[in-house]
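Comments concern the structure below.
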Amino acid sequence: MSESSGETRSWRLEWPVSGGSRVARAHLKMAPQDFRVSEVLEEFPDEPETSSAASVTGEGEHLCLRIEKTGDNTEFVAGALATLADCRPFDVGFCGLKDRHAVTSQWFSLYRPGMMDNDAALIERISERWPVKSAHRSVRKLRRGDHQGNHFVVTLRQVSTGREVVESALERLKMQGAPNYFGPQRFGFAGGNLDRAIHIDPSALNRRGGQGKRRGRGKPGSSGDGRKNVLYFSAARSWFFNEVLAARVAEGSWRAPLPGEPAEHATGPLWGDGGTSAGGEIGQRERDIVALTPELASLFLATRMKPERRPLVAMAKDLSWSWLDDGGLELNFFLEPGQYATTILSDIFELEDMSLGQHNKQHG
């Protein structure tokens, strides 16, 4: 429902899969241990995990810690680390958001100039809440996308179809990848983030200090709503990408670039000022798809957001799998930043996310 008008519309939140239909149903995240994520950051060398605080290697003003967490989302942990380190929330950096209902290992950086002598004591305090697996000093803060990707170990339960059918689909996934859709959670329940996007003031996204000291109340677009506006705007951008990708999947052209694409591989638009950076027929086709939803397209007429491109194909690198004695299916794979495990797996499976309660089917 829109915050300002009470109006809603019906949004498409399911898109075609590469094989025409999914081959099986399965339960996801029956326990956090069924969804393990380990962040890969090549800046720091691989080393045996430490069971206690100790030796911090490297030099620099930022203390970087690899932390294992279960049941806590990334932003909550970042806020708690700022409190424990007695620094500003802005002084805590991380590479990407990780699932809450999972066992995740990821890096955080803390800005602590001149406080190296206190690192061990701080790590001990943090270890009382979360295991600290590695510690390094660095000259720079960690920022979104600094990591090389994530390694996943995902266990699916109660797989509904025979092994031969599932393994054939997994072999196809291994060879050709899956459509690189944004997941439905980005769009809010029943597309609520898209309803709200229609009513934000896009010019507010161009103002410096849009999340400044004033706390706007009332209509979306006020300065206090700056963070939400960015969320809603991102949802609109992602939805247009999914719509373009869906058209390419439906016609079977999603794996290879078409004339007019500004890349050597198949890409889709992250809409911006001027629409799309694609030219020729493909650029016109993308504009035609976006024009079908003028209420969202109008958002991009006032913003100075630069058009970008996103790969249409998500590859589960080094994909392997094994069947467990209890009938579960364990999958191991690596994804680059900006690719989502549930989206990849939803190309094959109709997933029921058991961490969400009722109405919890996950589609790509």
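The values are calculated or read from the model by the stated rules, or taken from the named source; none is laboratory data. Not measured: the values here are computed from a predicted model. So basically every Cβ, Gly included, is an ideal-geometry build from the backbone, and we count neighbours across all protein chains shown. The protein model used for the area step is the full one, side chains on, heavy atoms only, and it has no ligands, DNA or RNA in it. Shrake-Rupley method; radii C 1.70, N 1.55, O 1.52, S 1.80 Å.
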Ranking P259, M305, L170 by how far each Cα lies towards the positive end of the charge dipole of the chain (+1 on Lys and Arg Cβ, -1 on Asp and Glu Cβ), the top one is M305
Could you calculate, for the stretch 229-364, the ratio of the Cα radius of gyration to the Kirkwood radius, expressed as Rg to Rh? 1.03
Dipole magnitude of the stretch 20-171 about its Cα centre (Cβ charges: Lys, Arg +1; Asp, Glu -1), debye to nearest 20: 640 debye
Would you calculate, for the chain, the mean residue ellipticity at 222 nm contributed by helices, counting each DSSP H stretch of 4 or more residues as -39,500 (n - 2.57) and dividing by all residues, to the nearest 500? -7500 deg cm²/dmol
I want to verify a result. In a Gaussian network model of the chain, Cα cutoff 10 Å, which of these has the top mean-square fluctuation: L319, L28, L245? L319
The chain, relative contact order in percent, only Cα pairs under 8 angstrom and at least six apart counted: 24 percent
How many Å² of accessible area per residue for the chain, probe 1.4 Å? 49 Å²
Using Cα centres only, tell me the gap between the stretch 290-345 and the stretch 51-108 in whole Å. 25 Å
Of the candidates P16, P294, P307, which one comes out as most mobile in a Gaussian network treatment of the chain with C-alpha springs shorter than 10 Å? P294
Roughly to the nearest percent, how much of the accessible area of the stretch 221-280 is carbon and sulfur, given a 1.4 Å probe? 54 percent
Principal axis dimensions, the chain - Cα atoms, whole angstrom, descending: 60, 58, 42
With a Förster distance of 35 angstrom and the Cβ-Cβ distance between E171 and E308, calculated FRET efficiency to the nearest 0.05 equals 0.60
Eight or more residues apart or on different chains, and alpha-carbon atoms under 26 Å: count the Lys pairs in the chain matching that. 29
